[in-house]
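J.: Below: one structure in structure tokens.
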Amino acid sequence: MNREELITYCQLVKRGKPAASIPLQEKYLEDAFKIVEQEGDLLTHIEQLSDGWLTFWVYRYPHILEIIKNSPQAPSTVYDHWILGKLFGYEEAAIQDFIQTKLF
């Protein structure tokens, strides 16, 4: 597990990014929880990614969990990409640039 990367994601979420996620081997789950707990005032959510791997989410506001749970796993539409861009804290212009470059 990249401890520094998770700490950075926690700090970004505390500063306003709606959510961050990191793929994580199950054996590092307890370490990840400890890091988030040390950062304070953050929530977590875990989703199974594949055998032995998890997606470890960090977010601050409780309503974000509903957005995480309903986010597309394989985005294919403009809406899918827009909602994921917003969830990860990208600016509208960056989302627009991505959509124009990748979808059209």
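J.: Which residue is surrounded by the most Cβ atoms within 10 Å (Cβ to Cβ), if the candidates are limited to the range 1-47 and must be within 12 Å of the chain's Cα centre (by Cα) and of a type in the set (Gly, Ala, Ser)?
T.: Ala19
J.: Those residues that are in a helix (DSSP H, G or I), of a type outside the set (S, T, N, Q) and farther than 15 Å from Tyr59 by Cα, I need them from the range 86-104; list them, please. Steps first, please.
T.: The initial filter retains those residues of the range 86-104 that are in a helix (DSSP H, G or I), namely 86-87, 92-103.
Keeping just the survivors that are of a type outside the set (S, T, N, Q) gives 86-87, 92-95, 97-99, 102-103.
Glu92, Ala93, Ala94, Ile95, Asp97, Phe98, Ile99, Lys102, Leu103 - these are the residues of the range 86-104 that are in a helix (DSSP H, G or I), of a type outside the set (S, T, N, Q) and farther than 15 Å from Tyr59 by Cα.
J.: Please go through the range 52-86 and pick out each residue that is within 27 Å of Ala32 (Cα to Cα), at pLDDT 95 or above and open to solvent by 90 Å² or more (accessible area, probe 1.4 Å).
T.: Scanning the range 52-86 gives Trp53, Tyr61, Pro62, His63, Glu66, Lys69, Asn70.
J.: A further question on this structure: Quickly run through the range 48-61 and pick out the residues that are touching a residue at least 12 places away in the same chain (Cβ under 8 Å) and more than 14 Å from the chain's Cα centre (by Cα).
T.: Within the range 48-61, the subset touching a residue at least 12 places away in the same chain (Cβ under 8 Å) is 49, 52-61.
The answer is Gly52, Trp53.
J.: Restricting to the range 87-104, count the residues that are under 19 Å from the mean Cα position of the chain (by Cα) and open to solvent by 70 Å² or more (accessible area, probe 1.4 Å).
T.: 4
The values are calculated or read from the model by the stated rules, or taken from the named source; none is laboratory data. A quick note: this is a predicted structure, and the numbers were derived from the prediction, not measured. Because the Cβ atoms are built from the backbone with ideal geometry, glycine has one as well, and the counts that use them run over all protein chains shown. Surface accessibility is based on the protein's heavy atoms, side chains included, excluding ligands, DNA and RNA. Shrake-Rupley method; radii C 1.70, N 1.55, O 1.52, S 1.80 Å.
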